[in-house]
Amino acid sequence: MAKKPVTVTLNGTERAGFAEPGQNLLDFLRRGLGDLSPKYGCGQGTCGACTVTIDGQTHLSCLVLAEAADGRAVGTAAGLADGARLDPLQDAFMENFAAQCGYCTPGMLVSARALLDRNPRPTRAEIVEAISGNLCRCTGYEPIIAAIEAVAEERTRP
Amino acid sequence: MIEVETFPTLAEAARAMGAGAAYLGGGTVMMRAVNAGDAPARLVRTTDPALTQIRAMGDTLTLGAGVTMAQILAERDLDFLHDVARQIGGPQVRNMGTVGGNIFAPHPYGDFAVALLALGARVAMADGSSARPIEDVLRERDRPSGLIASVEVPRPRPGAFAFRKVSRVRPKGASIMSIAANLPREGGRVRGARLAWGAMGPRPLRGAAVERVLEGQSVDHGDIDRAAQIAAKGLEPPTDPLASSWYRTAVAGVHLKRLLQSMEGR
Ligand SMILES: Cc1cc2nc3c(=O)[nH]c(=O)nc-3n(C[C@H](O)[C@H](O)[C@H](O)COP(=O)(O)OP(=O)(O)OC[C@H]3O[C@@H](n4cnc5c(N)ncnc54)[C@H](O)[C@@H]3O)c2cc1C
């Protein structure tokens with residue numbers, strides 16, 4: 001059973017690799033392309049630590065077949081910062097102590113960024129809904145919600 | 001080792017199915033098995049664009065089997081299904097999970113199929129044979145006779161349809177039960193009642209006892225109480241980590257009552 005060539009546009013850069021038969025996108029990103037930002041939590045889609053965007057929509061990369069992502073644009077938390085300049089969400093997560101152990105953080109950031117990209121001024125309820133597929137066992141969610149709210153509010157200022 | 005075969009059309013994918021093969025839709029159920037190493041040896045998938053189309057013809061909405069929950073939420077013609085699609089998983093699951101996959105999703109999943117069952121949807125198969133009632137497809141779902149191409153959903157009359165999902169964790173917990181009611185009226189009386197339960201048996205099931213109580217009635221407080229009393233009659237709900245069979249049976253009437261009350265005066 002042959003490996004399959006897979007090309008994705010990862011955070012804006014075209015990247016190619018070979019996917020093992022049945023390999024999921026999370027494993028392909030981490031082992032094939034060396035992007036370690038999406039995390040393996042449960043392998044069942046329950047925890048959201050592996051969240052990435054595919055063509056702008058959030059997906060659970062552990063439940064996506066790597067070869068099904070061929071030709072598509074994949075976004076991960078590693079693509080949020082521009083060199084040393086962090087995404088405002090990353091700054092806000094630091095300021096609000098929104099990361100404790102940090103394992104859920106990349107997935108949270110991807111979900112939050114996807115929300116703000118389509119809805120720059122979300123309500124608190126919309127924020128809660130947007131991260132409802134991402135589990136955090138440290139923070140109790142409040143600091144994470146506060147961080148996302150802080151960025152949303154920043155945007156509404158002139 | 002797993003072998004994945006990708007076809008440009010659903011018809012070709014359907015022909016490639018056979019012993020030891022499984023179809024991969026959005027993958028939110030099947031990829032769990034792949035990751036756990038207990039998926040069938042061959043996975044068949046298709047990139048057929050027809051599978052993700054939504055079409056409206058008069059009062060019949062046709063959903064391609066590959067239409068996702070997120071697509072349903074983005075389609076104004078499908079407003080009556082928004083309350084259902086919104087309650088399936090979290091945002092990522094809704095971006096991935098499909099209509100076709102929901103019909104086969106094992107207990108306690110299948111909330112969308114519960115709504116389709118109450119709405120009297122018909123299922124069209126890839127072989128082009130005439131569409132069949134969804135109950136038939138659900139009844140045979142453990143030994144499926146081909147791939148689903150699309151689902152035809154009749155638009156319910158205004159105010160006739162309602163859905164309720166009961167879960168412990170909000171907003172995205174799995175169902176303790178889900179209930180869908182379609183109670184069209186003629187001259188103020190229910191004519192053609194359809195009620196469907198999810199997570200109350202091995203698959204989404206019609207609630208025949210409740211339908212009999214409501215048929216021909218105006219659904220006043222007395223009718224609602226009578227329906228609630230016999231809610232779980234004929235059902236044998238499973239026990240799982242979310243709830244015991246006893247608990248599901250005990251609270252079925254409470255949730256049915258709340259659903260029917262929410263429909264009053266619509
Ligand atoms: C974290 C999480 C939460 C979830 N929450 C819910 C929930 O609240 N409610 C709910 O109902 N479900 C839930 N699910 C289950 C699942 O996401 C949905 O049921 C979804 O609709 C399944 O669709 P899919 O395309 O991903 O299925 P797949 O995994 O692709 O397929 C599932 C089954 O259907 C078969 N199949 C798929 N398409 C076809 C077709 N066209 N023809 C014939 N057979 C087909 C496959 O062969 C497979 O056996 C959840 C899943 C996860 C991971």
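What follows is calculated from the coordinates using simple rules that are stated; it is not laboratory data. Quick caveat: nothing in here was measured; it's all calculated off a predicted structure. Positions of Cβ are backbone-derived with ideal geometry, glycine not excepted, and every protein chain shown enters the neighbour counts.
Would you please give the residues with an amide H less than 5 Å from that of A:Asn24, counting only those at least 5 places away or on a separate chain, with H modeled from the backbone geometry?
Excluding prolines and chain starts, which carry no amide H, the hits are A:Ala66.
Using all C-alpha to C-alpha distances in chain B, build P(r) with 5 Å bins and read off the rounded percent in each one.
Values per bin, smallest distances first: 1, 6, 13, 18, 18, 17, 13, 8, 4, 2, 1, 0, 0.
Apply the Karplus parameterisation 6.51 cos²θ - 1.76 cosθ + 1.60, with θ equal to phi minus 60°, to every residue of the range B:226-238 and state each ³J(HN,Hα) to the nearest whole Hz, in sequence, with x for glycine and proline.
So the J values, rounded to whole Hz, are 4, 5, 5, 4, 9, 3, 8, 4, x, 9, 10, x, x.
Between B:Arg226 and B:Thr47, what is the label-point separation in nm under the 7 Å Cα-to-beta-carbon projection?
5.8
Nearest 5 is fine: what % of DSSP beta bridges in the protein assembly as shown come out antiparallel, could you say?
80
Provide the per-residue ³J(HN,Hα) series for the range B:53-70, in order, calculated from phi with Karplus coefficients 6.51, -1.76, 1.60 and θ = phi - 60°, each as a whole number of Hz, with x at glycine and proline positions.
Karplus values, whole Hz, x for Gly and Pro: 8, 10, 10, 10, 10, x, 9, 10, 9, 10, 9, x, 4, x, 5, 8, 4, 5.
Based on the Cβ-Cβ distance from B:Arg157 to A:Gln44, what FRET efficiency comes out when R0 is 56 Å, to the nearest 0.05?
Computed FRET efficiency for B:Arg157 and A:Gln44 comes out at 0.90.
What number do you get for the range A:4-79 when its Cα radius of gyration is normalised by 2.2 N^0.38 Å, N = residues?
Cα Rg divided by the expected 2.2 N^0.38 Å: 0.94.
If R0 is 41 Å, what FRET efficiency do you get for A:Arg118 and A:Phe18 from their C-beta distance, rounded to 0.05?
For A:Arg118 and A:Phe18, the calculated efficiency is 0.75.
Any idea what diffusion coefficient the range B:3-46 gets from Stokes-Einstein, in µm²/s, Kirkwood Rh on alpha carbon pairs, 20 °C, 1.002 mPa s?
Reported coefficient: 205 µm²/s.
For the range B:1-92, divide the Cα radius of gyration by the Kirkwood radius and give the resulting Rg/Rh value with two decimals.
Computed over Cα atoms, the ratio is 1.04.
Using alpha carbons only, how many angstrom separate the centre of the range B:159-187 from the centre of the range A:18-46?
Between the Cα centre of the range B:159-187 and that of the range A:18-46, the gap is 36 Å.
Please report, to two decimal places, log10 I(q)/I(0) for the range B:49-154 at q = 0.13 Å⁻¹ as given by the Debye formula with identical point scatterers on the Cα atoms and no solvent.
With no solvent term, the Cα-only Debye profile gives -0.40.
If I stretch the segment between B:Glu140 and B:Ser262 completely, what's the gain in nm (0.36 nm per residue apart, minus their alpha carbon distance), one decimal?
Fully extending the segment from B:Glu140 to B:Ser262 adds 40.6 nm.
Using a basic spin-label model with each label point 7 Å from the Cα along Cα→Cβ, how many nm lie between A:Leu86 and B:Asp79?
Result: 4.4 nm between the two label points.
With each run of n ≥ 4 DSSP H residues scored as -39500 (n - 2.57), what mean residue ellipticity at 222 nm is computed for chain A after dividing by its residue count and rounding to the nearest 500 deg cm²/dmol?
Calculated from helices alone, the mean residue ellipticity at 222 nm is -8500 deg cm²/dmol.
Only Cα pairs under 8 Å and at least 6 apart count here; give the relative contact order of chain A as a rounded whole percent.
The value is 23 percent.
Set Lys and Arg Cβ to +1 and Asp and Glu Cβ to -1, take the dipole of the range A:1-157 about its Cα centre, and tell me which of A:Gln100, A:Ile144, A:Val74 lies farthest positive.
Looking along the dipole axis, the top candidate is A:Val74.
In whole Hz and in residue order, list the ³J(HN,Hα) couplings for the range B:157-169 that follow from phi through the Karplus curve 6.51 cos²θ - 1.76 cosθ + 1.60, θ = phi - 60°; x for Gly and Pro.
Whole-Hz 3J(HN,Hα) from phi for the range B:157-169: 5, x, x, 7, 10, 8, 9, 9, 10, 10, 9, 7, 9.
If amide H atoms are built 1.01 Å from N in the plane of the peptide, which residues on other chains or at least 5 residues away come under 5 Å of the amide H of B:Arg42?
The list, which skips near neighbours in sequence, is B:Glu3, B:Ala22.
Using Cα atoms only, what is the angle between the long axis of helix B:245-263 and the major principal axis of chain B, expressed in degrees (0 to 90) to the nearest 10?
The answer is roughly 70 degrees.
Given chain A, what percent of its DSSP beta bridges are antiparallel, to the nearest 5?
Roughly 90 percent of the beta bridges in chain A run antiparallel, per DSSP.
Please report how far the C-alpha centroid of the range A:66-120 lies from that of the range B:64-131, rounded to the nearest whole angstrom.
Cα centroid to Cα centroid, the span is 29 Å.
Just from the alpha-carbon atoms, what are the Rg and Dmax of the protein assembly as shown in angstroms?
Every Cα atom of the protein assembly as shown included, Rg and Dmax give 22.5, 70 Å.
Placing +1 on the Cβ of each Lys and Arg and -1 on the Cβ of each Asp and Glu in the range B:169-266, which of B:Gly187, B:Ala232, B:Ile176 has its Cα farthest towards the positive end of the resulting dipole?
B:Ile176
If you take every residue apart from B:Arg55 with its C-beta less than 10 Å away from the C-beta of B:Arg55, what net charge results, scoring Lys and Arg +1 and Asp and Glu -1?
-2
Would you mind checking the tilt of helix A:105-118 against the longest principal axis of the Cα atoms of chain A, expressed as 0 to 90 degrees and rounded to 10?
70
On the first, second and third principal axes, largest extent first, how far apart are the outermost C-alpha atoms of the range A:52-158 in Å?
Per principal axis, max minus min of the Cα coordinates gives 40, 34, 30 Å.
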